[in-house]
Amino acid sequence: MKDIKKIEIIQRPPPPEPARRTNPLARVFDELVRFCQSRSMFMLHYCTGCGAIELPPAMTSRFDMERLGIQPMVTPRQADILLVTGYVSVKTLKRIILTYEQMPSPKYVIGICSCTVNGGMYWQSYATAKVLKDYIPVDVYIAGCMPRPEAVISGLRALMEDIRTGRGDAWKKYYQNYDFYLGNQQRLFGEKWQTPTDVIAEAHHYGMMTDQTLGEHTDLLEQNEVPLDALRTRLKARTE
Amino acid sequence: MSWQELLLELTLMPLLAFVIGLAMVLMMRRIAAQIQRRVGPPLLQPIYDIVKLYSKQTQISHGFIHELGIMMAVGGYIAAEALLPVPGMDGLADKGGLITLIYFLMVPTLGMALGVGQCANPNGSIGISRALTAMLAYDIPFVIVVFGVAFHYQTTNLAEIAAIQQAHGVSGWGMMEMPLLALAALFALQGMMGKQPFEVYIAPAEIATGPMVEMSGKFMGGLFVMQSFQYYTAGVLYTILFLGGGENWLTFLPKIFAVVAIPMTIAMLFPRFRTEDLVRLMWKWPVMAGLLGLAFVMN
Amino acid sequence: MDKNLNVWLDNLLQEIEGIKFRRKSTRRVRIDVAMDALPTLLELLQGRASYVHLSAITCVDWPDDGEFELVYHVWSYETQSLVSAHTRIPRDPGVYLSIYDLYEPAAFFERDIHEMFGVFFEGSPDMEKFILTEWDGPPPMRKEFDSEAFVNQQFEWQPYHPDWLKELEEEGGGVTTRPEDIRW
Amino acid sequence: MTPLDHLLLLSALTAVFTLAAGNIRSAGWIATLLYAAQGLALVKMWGMGYGPEVADSSISFQLLGQTMHWRFDSLSWFFALITVGAGFFSSWFASGGWADHYRAQGNSLRLFHSALALNVFSMLVLLASGDLLSLFIGWELVSWASFLIMGLASTRAMGYAMRYLTYAIAGAMAILMGIVMVHAQTGSFEFAALAAAVPGMSNGTLWLLLLLFGGGFGVKMALVPVHLWQAKAYAETPGPGAAFLGAISSRMGLFALILVIIQLVGIGRLVGMSIPYTFLDARDLLAWVAVFTMIFPTYIALRQHDARRLLAWHGVGQTGYMLLGVVIMDDLGSAGGLMHVFNYATYQAMLFMSVSAIMYRTGTADLNQLGGLVTRMPLTFIAMLVGIIGLAGLPPMNGFVSKWLIYRSLVAEGMPLLFVGAVIGTLGTILSVYKLIHNSFLGQLRLEHAKVEEAPWSMTLPMLSLAAIVFLTGYFPGVVLDWISALQASVGLPVLAHHLGGVHFAQGGLDMIWINSLLIAGIAIGALIFYSTGRSQRVHQLDNYAGGHFLSADVRYQYSDNFYPGLLHLIGPWYRKSFRWAESALVSLTDALSLAMQGLYRQVQPSIYLLITVVIALSWVNIR
C-alpha cells in the first residue's frame, strides 16, 4: 500500500470558448441571459431509478437547492434538467427518451449514479441500458452508488458553471446527430420505435439540421412510422 | 391631467406593479423557506426565473388560442393595474369603478382557461374546472364585501374610497369601520391569490400543476408575470378598501406587503383542501361574517 | 395452543404415504410431494389445516436433472407456521396445472414464473408478459441463458481511460485488474 | 297609410309569401330581404327611438261600443327593432346551406319560413296594441305562432310544444280575467282608463290584478314557478328557429309586463302594497322572483350535456336580469334591464346559431361527443367566443354594460341580498359557459371529426355580423342607451343621463370607450411581450404530457363529462326537482278532478238526474 503516490486531481483543460457575438452589447446581453439561465434551473421531478432518494434531502432544509435557484417542476414542459438517477431499465429508458424530447431546449441531462455511466452494479443484467450517453446526450455525470446530496449539489454547480460559460450545449447534439441516437434506440427497442415528438421538424424549425441529423435510421423510422392521427400522418419537415 | 401625464401614468403603473409583484413573489418564497427552516432563494430569483423562461430556445405551442390565452392573462392584468389608484397616480380609476375591476380580474382567468383548453391535456382541463369552481367559491364573500364597501362609502370610484378613508385618518380606515367585512375579505384574498388551502387547481402531484401542465418557455414566463401582477392587485385592492389606500409610497408599500404576507404565511402552514371542502368553507364562515358585516353597514 | 396443533399436523401428514415430510422448525415444514398430488395436498392444507394464505410460488431450475422445482409456500394464521410444498416437473414440456381455483394470488406468481422460466400453467387466467414487455428473448432466469454474454453482444461499453490513469501507465505503473474482471 | 301600416302590411306580406312560395330554392333569401324591408319601415319611424313620438295606425275596430286601435310608441319601437333584427338574422342563417340540410332531412322548409314570418308578424301586432283588448288578441297570436314554430322538428318537439301550449293557455286565461276585472272597474279597455282608475283601486284588487297580469305575462317570460316549459321547447326547435325564439320570444312577456304593471300601475302603488307579516312589498316580490329566475335555471344549465339545452336554460336565467333591472325602476337599473333585452338577443341568437352550425357539420350537439373543433371551424369558434364573453358579461362585450348598470343600481338602491343573488347567477353563467366552449371547441379533436369543414358562408356571415354588433354596442353603448332613454321617458321611468361611451354617475360612472381601449391596449402589450421572444412551434395534439404514457388517437382522453365534480358534489343534493314535482302534482290533481267531474255527468241511468232535480226543487220550495 506504501507505494501509492499522492495523485493530485488534474483540472480539466477548458474546452474551446463557444462562439461569441461580435458587438459588445449583444455579448453582454448573452452573458446576462446565460447567467440568469444558470441561476434558475427547474429540475424535473421524475425518479427514474434508486438514486432519486438523494434528491429530497438536497431540496429540503439542510442542503436547500432553492438557494441555487433550482426548483423541482412536475411536467417536462416546464423543466430544464432531467436527472437520470440509478439504473436505466429498458422500459424506463423509453419513458426517459419521451420525457427528454418533451422538454423545451436548452435542456440538460445529469447522469447520477454509476449505473448511467457504464452499467454500474447491474452491468450484467439483460434488462438495463448500460451507457446512457448512447441514447440521449448527457451533460454531467455524478458518480457514486447513490452520491450523497453534497455530491449532487456539486454536480449541479458544475452544470451551472458550464451553462454560465456557455459550454452546456449538449442538447444541440441530439438534434445535430439525431441519426446516431435514433440508431441506438432502434437497436434496443426494435424497428417500430417512434415517439410522438417530431424531432426532425423541431431540428428544422430551430435551424439545427446538419448532415448527420438524417440518415438510414431516420429513413427506417419514416418507413414504418405509425400515423399519429388522421390529422397529420407524415413527419412534416422532410420535404421543404 | 393632460394626456402626456395620463400616458406616463398608464405606462408607469403596470411597470411599478410588475416590480412590486416580483418583490412579493420573492417575499412569498422567502417566507416559505423561513417556515421550513431553509435559506430560501437569493434576492433576484424571480427575475432570473422570468428571464430564463423567456430566453428558452424551443417554445411549444398548441395553437393560436393557446397563445391568445397567455396574452389575455398578461394583458388583462396590465389593463387592471391602470384601474388601481396608487399614491400620486389615479390612472383611469374614475372611468371604471370597483365592479369593473372585479370583471377585469375575471378576464385573465377566462383567457388562461381558453389557452389551457386548447392544450387538449386532461390534467389542464381538470385544473381549469377546479380553478373556476374556486373562483365561484371565493367570489361570493368577495362580492358581499364589495357591496358593503360601495354602499358604506356611497361610491364605487376607488380613488374616492381611498380619499374618504384618508380624510378621517386611521380611525377612518375601512378595517376600523367594517371589521367583519375586512375578515371576510381576508378569506376571499386567500382564495383570490390562489394560496395553499385554496390551491387545489395547482395540485402538482395529482394533476401535474393543473392548468400549467403544457406551459413551457415564454408561456410559463407569462404565467409567472401574471402571478406577480395577481399578488400586487390583491394586495393593493385590499389596502384601498380597508387600509385607507396610499397617501404616499412610504406608508403604502409596508401596508400592501403586510396585507400580502398574511395569506402567504397561512398558506405555508396548511395542506390543500379538496374542491368541495374549499367551496363549503368559502360559503360558510366568510359569507356569514360578510352578511353580519353588511347588517351593520346597512343600518 | 398451537403446539398441539403442530403435533396434530405432523401426525396427519406422516400418515399420508407418497409425501416426504420434514419439520425444519416450530414454524417451518417442508413437504416433498409428487407432481400430480400437489393440488390435492394444497386443498387439504387450505381446507382442513387452515393454511389459507399462499405467500409465494418460486421456481428452481435444475438443468442437469432436466427438471424445474416448483415450491408453494402456504402460511397459516392459526398455527403461525409455513408449509413449503416442493415438487419437480419435467423441464422440456414445462407445463403444469394452475392452482388459481384454490388461491387467487397464484395468478400473478404463475404469470411471473411463466415470464421468467417459461413454465406454462394451464387454467391460469392471464399468461401475457407484464414485467418483461420489452424483452422478446428466451426466458431469462433459466440457467442456460448467459446474461453476461448477451450483454456483451448487445451493448457496448464506455472506454474508461481517464487522464490520471494514462500518466500512471506511462510511468510503468497502472491499476491491475483481476483477469475475471476484464470485460472486453 | 301611416308608417305603422306600412310595417304591419309588409310583415303580413312576408307571412303570405313564405306560406305561398316557401319551398322554392331562394325562398329564404327573399324572406330575408322582406325582413330587411320591414327593418327599413321601422327605421322610417326612427323619431320614436329618440323622442316621445307616437305613430297611430289607421286600422281600428268598433266592437260593442268599445274601440280597438293600434299604435307604436318608443317602448314598442325598441322591442320591434329587436324582433325584426332577430327575424332578419334567423332567416338569413336559414336560407343558405342550412336550408338544403333541413330539407334533406325531410322537413318542409315552407312550414319553417312561414312559422318564422308569422311569429314576427304576430309580435309586431302585439307590440302595436293600443288598448287591453288588442293586447290580448296580439298575445294570443304570439302564443299560437310560437307553438307553431316549436312543434316543427319532431314528435318529441311536438310534445314539448303541447306542454308550452297548456302553460300559455293558463296564462292567457289569467290575463283575460284581469282584463275583464279592469273593464268591470273602469268600463273601458283603454290604457288611460286603467291608469286613471288605479289610484281609486283598493290594495286587494290591485294585488289580484298584479297576480293575474304578473302570472299571465310571467308564464311567457318563464319566471321561476312556471319556468319548466321553456328550455326543452326552445332546445328542440330547429336551429335558426331556436335562435329567434331564444332571442326575443320570451321578452314579449317583459314588454307586456312593463306596459301594464310598470307604466299603468306605476311604482308608487307597487311599493305601497306590502305583504302582511313580511318586510316585502310588491316590488320586492317581483325582484325576488327575478333573482330566483336568475339562479335556478343557470345552475340547471351547469349540469346539461346537450349544448342546445344548456343555452335554452340560460335563456330562462337571463330573463331574471331583465326583470330585476326593470323592477328596480331607478334610472340605472331600468336602463340596465332594458339594455340587457337588446344585448341578450344579440349574443343568444349568435350562440344558438353556432351550436346549430356545429350540428350541421358534426351531426350532434352532445358536448360529450364533441371536442377540439377550433382547428376545424375557426369562424364558428370566434362567434361562440364573442357570444360567451357577452353572455358571461365580461368587459369588451355589451353584456358587461347592462350587468354593470344593474349592479350599480342595486348598490345605489342598497339591496344587498339581491346583489349577491345576481352575482351568484353571473358566476354560474361563467362556469357553464366555459364548459360549453371547452367541451365543444377546445380539447382533443376526435378521429371522426378530423375532416370537418368550416360552416358555409351563409351561416358564418350572420354569426360574425352579430358578433360585430355585440362588440360595437359594447364599445359604444350610448347608441342603445339613446333608445332606452327615449323609452324610459315614454314609460314614465326616470331617464338615464348617458353619453356615447357609457354613463355619467356622481359616485363612480362607467366609460366603455376608455375601458375597452384600455383592455385592448393591455392585451396588445401582452401580445408584444409574447411575440418579442422566440418563435413558437406548433406541436401535434398527441405530443402531450401524460405521465410518461404514449398517447394514441384512438383513446379518448378529453375531460368533458361531469365537468365541475367538486361543485356538483357539494350542491348535487340541492337539485331535488321540486318544481317538476310541483308540476306533476298539479297535473295529477287536475286529472283527479276531471275524473270526478266525469263521474258526475256520465251517468248510465238518466233517472238519477230526475231524482236530483226533484230534490233541488223541493228544497228550493221549502226555503222560500
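None of the figures in this text is laboratory data; all of them are computed from the coordinates on show. None of the values given here were measured: they were computed from a predicted structure. In this analysis, Cβ positions are derived from the backbone assuming ideal geometry, glycine residues included, and neighbour counts consider all displayed protein chains.
Farthest toward the positive end of the dipole of chain B, out of B:L84, B:G293, B:P254, is the Cα of B:P254, where the dipole comes from beta carbon charges about the Cα centre.
Candidates C:P138, C:V74, C:F21 compared by Cα position along the dipole of chain C: farthest toward the positive end lies C:F21, with charges placed on Cβ. Packing, as the average of other Cβ atoms within 10 Å across residues, places the peptides D:608-615, D:563-570 in the order D:563-570, D:608-615, highest first.
Quick check on the protein assembly as shown: take the gyration tensor over C-alpha atoms, sort the square-rooted eigenvalues as a ≥ b ≥ c, and tell me if it's rounded (a/c under 1.5), prolate or oblate. It comes out prolate by the Cα gyration axes.
Put simply, the amide H of A:S40, placed in the peptide plane, has no neighbours under 5 Å, leaving out anything fewer than 5 places away on its chain.
For chain D, lysine pairs separated by 8 or more sequence positions, or belonging to different chains, with Cα-Cα distances below 23 Å total 7. Considering amide H positions built from the backbone, and no H for Pro or chain starts, which residues 5 or more places from A:M73, or on another chain, come under 5 Å of its amide H? Amide H to amide H, under 5 Å and 5 or more residues apart or across chains, A:M73 pairs with A:M43, A:L44, A:H45. Listed from fewest to most Cβ neighbours within 10 Å, the set A:C115, A:C47, A:C145 follows the order A:C145, A:C47, A:C115. Peptide D:504-512 has a mean shielding of 6, counted as Cβ atoms of other protein chains within 10 Å of each residue's Cβ. No solvent, one uniform scatterer per C-alpha: report log10 I(q)/I(0) for the range B:59-188 via the Debye equation at q = 0.15 1/Å, two decimals. One equal scatterer on each Cα of the range B:59-188 leads to -0.82.
When the helices of chain A are scored as -39500 (n - 2.57) per DSSP H run of n ≥ 4 and the total is divided over every residue, the value at 222 nm lands at -11000 deg cm²/dmol. Among C:R28, D:R156, the order by Cβ neighbours within 10 angstrom, fewest to most, reads D:R156, C:R28.
Taking θ as phi - 60° and the Karplus parameters 6.51, -1.76 and 1.60, the scalar couplings of the range C:41-57 work out to 4, 4, 4, 4, 4, 5, x, 8, 10, 6, 8, 9, 10, 8, 7, 6, 10 Hz in sequence order, x denoting glycine and proline. Of all beta bridges that DSSP places with both ends in the range C:2-134, some 75 percent have antiparallel geometry.
Estimated from helices alone, the mean residue ellipticity of chain B at 222 nm is -24500 deg cm²/dmol (sum of -39500 (n - 2.57) over DSSP H runs with n ≥ 4, per residue).
Computed per residue of chain D from DSSP H runs no shorter than four, each worth -39500 (n - 2.57), the mean residue ellipticity at 222 nm is -23000 deg cm²/dmol. Neighbouring Cβ atoms from other chains, within 10 Å of the Cβ of residues in D:406-416, number 5 on average.
Net charge dipole, chain D: roughly 1200 debye, given to the nearest 20, about the Cα centre with Cβ charges of +1 for Lys and Arg and -1 for Asp and Glu.
Only Cα pairs under 8 Å and 6+ residues apart enter the sum, and on that basis the relative contact order of chain B stands at 28 percent.
A simple rule links phi to the HN-Hα coupling: the Karplus curve 6.51 cos²θ - 1.76 cosθ + 1.60 with θ = phi - 60°, which for the range D:566-573 gives x, 5, 5, 5, 7, 9, x, x Hz, with x for Gly and Pro.
Summary of packing: across the peptides A:202-211, D:388-397, A:125-134, D:160-169, the per-residue average of other C-beta atoms within 10 Å ranks them, highest first, as D:388-397, A:125-134, D:160-169, A:202-211.
An oblate overall shape is assigned to the range D:580-623, the ratio a/c of its alpha-carbon gyration tensor axes (a ≥ b ≥ c) being 1.5 or greater and a/b not exceeding b/c.
Computed from backbone phi with θ = phi - 60° and the Karplus coefficients 6.51, -1.76 and 1.60, the 3J(HN,Hα) list for the range D:512-522 is 5, 4, 5, 4, 5, 5, 5, 5, 5, 4, x Hz; x is used for glycine and proline.
Rounded, prolate or oblate: pick one for the range A:24-169, where a ≥ b ≥ c are the square roots of the eigenvalues of its C-alpha gyration tensor, a/c under 1.5 means rounded, and failing that, prolate if a/b is larger than b/c, else oblate. Since a/c reaches 1.5 and a/b is larger than b/c, the shape of the range A:24-169 is classed as prolate.
Determine the dipole magnitude for the protein assembly as shown: charges of +1 sit on the beta-carbon of Lys and Arg, -1 on that of Asp and Glu, nothing else is charged, the reference point is the Cα centre, and the result goes in debye to the nearest 20.
Values: 93 positive and 104 negative charges, 434 e Å.
It comes to approximately 2080 debye.
Give the residue list of trypsin sites (Lys or Arg not before Pro) in the range D:373-455 that are DSSP loop and have at most 11 other beta-carbon atoms within 10 angstrom.
Here the trypsin sites (Lys or Arg not before Pro) that fit, given the DSSP loop and packing criteria, are D:K451.
Grab the beta carbon distance between C:D181 and A:D211, set R0 = 56 Å, and tell me the FRET efficiency rounded to 0.05. Between C:D181 and A:D211 the formula returns 0.90. Per-residue Cβ neighbour counts within 10 Å put B:W249, D:W404 in the sequence B:W249, D:W404, beginning with the fewest. Near A:Q176, once Lys and Arg are set to +1 and Asp and Glu to -1 for all other residues with Cβ below 14 Å from its Cβ, the sum equals -2.
Shown here: chain B, whose C-alpha atoms stretch 55, 48, 39 Å along the first, second and third principal axes, sorted largest to smallest. When only alpha carbons are used to place a centre, the range C:103-120 and the range D:583-624 end up 83 Å from one another.
When peptides A:182-188, B:97-103, D:580-586 are sorted by average Cβ neighbour count within 10 Å, with the highest value leading, the order is B:97-103, A:182-188, D:580-586.
Peptide B:152-163 has a mean of 3 when you count, residue by residue, the C-beta atoms of other protein chains within 10 Å of its C-beta. The residue list D:G268, D:V503, D:F292 was ranked by how far each Cα lies along the charge dipole of chain D toward its positive end, using unit charges on Cβ atoms, and D:F292 comes out on top. Simple point charges give the picture: +1 on the Cβ of Lys and Arg, -1 on the Cβ of Asp and Glu, and for the range A:24-169 a dipole about the Cα centre of about 200 debye.
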